[in-house]
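Every number in this text was worked out from the coordinates using simple rules, so none of it is lab data. Predicted model only: the values in this text are computed from it and were never measured. Cβ sites come from the backbone with ideal geometry, for glycine too, and all protein chains shown count toward neighbours.
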Amino acid sequence: MIEKIGVIGVGQMGTGIAQVCAVAGYQVRLLDISATTLAKAAAKIAANLERQVSKGKLKPEERDAACARIVTGTDYDVFGDCDLVVEAATENEPVKREILKKLCVHLKPTALIGTNTSSISITRLAAVTDRPQKFVGLHFMNPVPVMQLVEIIRGIATDEDTFAQAKDVVAKLGKTAASAEDFPAFIVNRILLPMINEAIYTLYEGVGTVGSIDLALKLGAHHPMGPMQLADFIGLDTVLSVMQVLYEGLADSKYRPCPLLVKYVEAGWLGCKTGKGFYDYSQDPPVPTR
């Protein structure tokens with residue numbers, strides 16, 4: 001039975017995963033390399049929960065209990081008694097592999113490992129651990145507290161008990177699980193990211209401007225957010241990373257990352273998190289950069 005969950009990384013995804021686990025009643029252990037970053041993450045979670053209280057979605061005592069369940073640390077020893085640890089570091093395979101290697105020696109034999117990767121092979125990541133049968137993909141959507149879906153992905157070695165326990169955790173979080181096979185980018189990103197990449201090609205080839213492309217998809221396809229705005233929200237570095245995984249993993253030219261996307265990432269224009277991507281967020285409302 002899973003009672004204590006560890007989370008590695010305090011970016012947008014790791015912080016969100018820690019928050020929903022704490023609200024659901026799990027004891028949470030949150031790790032990052034910087035104590036300062038951890039303190040900021042804890043403050044962000046507290047602020048998010050306070051907003052839920054103000055909207056009547058959470059009682060003050062539930063907020064306080066959730067915050068009390070989160071313990072932070074900068075050493076992997078914090079995961080010693082965890083039943084499940086979810087890796088939510090940057091979408092970079094070498095980084096994830098190093099984290100997983102460090103993690104295993106600190107875990108009890110029965111502990112499960114999950115990864116929040118949005119595109120990387122679960123089988124390949126599991127192979128660097130000492131427990132590939134207890135390794136599973138748990139791909140949360142962003143923002144985690146709001147989005148309902150979690151993709152559960154089995155590696156080739158993932159056993160039935162691990163998969164069943166992962167489904168139980170997702171259900172206890174109040175979310176809906178979709179089972180995906182271990183192919184590049186799984187289900188959501190296999191469909192969504194090529195659409196965004198194609199929108200960037202449409203911009204690159206001069207078919208439309210940033211504004212006209214977003215307007216066309218919002219009004220013409222009833223999308224709540226245009227593809228350029230969505231790319232900025234996801235992070236252009238993440239979009240590029242997923243497209244590279246698709247292109248290399250499936251060897252199909254239709255997944256070739258748009259050269260304009262590459263240029264934006266090279267410029268450090270990564271979207272909302274850097275203040276500039278396909279829109280410039282230093283202005284209100286944001287202004288298209290192309």
* Structure fact -> Computed, not fitted: 222 nm per-residue ellipticity of the chain from DSSP H runs ≥ 4 (each -39500 (n - 2.57)), nearest 500, equal to -14000 deg cm²/dmol
* How far is helix 188-204 tilted, in degrees, relative to the longest principal axis of the Cα atoms in the chain, given as a value from 0 to 90 rounded to the nearest 10? -> 30 degrees
* Asked: Taking a temperature of 37 °C and a viscosity of 0.692 mPa s, what whole-number D in µm²/s does Stokes-Einstein yield for the stretch 227-290 with Rh from Kirkwood over alpha carbon pairs?
  -> 274 µm²/s
* **Cα-projected label distance for D280 with A47, points at 7 Å along beta-carbon direction, nm** => 2.5 nm
* **Projected label distance in nm at I191 and E62, using a 7 Å step from Cα toward the beta-carbon** => 3.1 nm
* **Net lengthening on full extension, F233/L260 (0.36 nm per residue, minus Cα-Cα)** => 8.0 nm
* Per 10 Å bin, what percent of the C-alpha pairs of the stretch 89-151 does each bin hold, from zero upward? -> 22, 51, 25, 2
* Find the centroid of the Cα atoms in the stretch 35-69 and in the stretch 177-193, then give the distance between the two in whole Å. => 31 Å
* **Neighbour-limited loop hits for trypsin sites (Lys or Arg not before Pro), the stretch 2-77 (at most 13 other Cβ within 10 Å; DSSP other than H, G, I, E, B)** => K55, K57
* **In Å, descending, principal axis extents of the Cα set of the stretch 132-211** => 51, 28, 14
* Structure fact -> Computed over the chain: longest principal axis from alpha-carbon atoms vs helix 12-23 long axis, angle to nearest 10 degrees, is 40 degrees
* Structure fact -> Computed on Cα atoms, Rg of the stretch 23-63 relative to 2.2 N^0.38 Å comes out at 1.31
* Taking one equal scatterer on every alpha-carbon of the stretch 189-282, how large is log10 of I(q)/I(0) by Debye at q = 0.22 1/Å? -> -1.12
* Structure fact -> Going fewest to most other Cβ atoms within 10 Å around each Cβ, S179, S118 line up as S179, S118
* Once you treat every alpha carbon in the stretch 91-237 as an equal point and sum by Debye, what is log10 I(q)/I(0) at q = 0.10, 0.18, 0.19, 0.21 Å⁻¹? -> -0.43, -1.04, -1.11, -1.26
* Asked: Got a sec? How would F278, F79 order by Cβ neighbour count within 10 Å, fewest to most?
  -> F79, F278
* Structure fact -> Taking Cα atoms, the helix 35-54 axis meets the longest principal axis of the chain at an angle in degrees (rounded to 10) of 80 degrees
* Asked: Looking at the stretch 1-109, what % of the alpha carbon pairs are farther apart than 24 Å?
  -> 22 percent
* Structure fact -> Here the gain from full extension of A164 to T90, 0.36 nm per residue of separation minus their alpha-carbon distance, amounts to 24.0 nm
* **Neighbour count of at most 12 Cβ within 10 Å plus DSSP loop: longest GluC sites (Glu not before Pro)-free window in the chain** => 4-180
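Between K102 and S212, what is the FRET efficiency for a Förster distance of 41 Å, r being their Cβ-Cβ separation, to the nearest 0.05?
My answer for the efficiency is 0.30.
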